[in-house]
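As structure tokens, the structure follows; a few thoughts come after it.
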Amino acid sequence: MKSSIITKDKIAVDYADEIMRFTLKVGAVASGLIGVWAFTCLFAGVVDVGPMELVRGYISAITGR
């Protein structure tokens with residue numbers, strides 16, 4: 001049987017490092033959600049008008065014709 005030992009040592013916490021880790025995780029989740037949303041919109045466009053019309057519309061949007 002292992003017994004736990006309670007100590008009253010002070011631990012130095014680097015708050016900047018903790019905030020950086022948190023914002024990195026939030027950014028990763030946000031970019032994942034944006035990627036899923038973009039794929040869903042692209043898939044909906046392909047289903048709605050078809051792949052050739054989607055490419056034709058993309059090219060006309062870039063060239064302005």
- Note on the structure: All-but-one check, Gly57 against (1) surrounded by 10 or more Cβ atoms within 10 Å (Cβ to Cβ); (2) at pLDDT 95 or above, failing number (2)
- Message: Residues to consider are Ala61, Ala38, Ala12; find the one that is within 23 Å of the chain's Cα centre (by Cα) and of a type outside the set (Val, Ile, Thr).
- Response: Ala38
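The values are calculated or read from the model by the stated rules, or taken from the named source; none is laboratory data. Quantities reported herein were computed from a predicted structural model and do not represent experimental measurements. With ideal geometry, Cβ positions are generated from the backbone for all residues, glycine too; neighbour counts draw on all protein chains shown.
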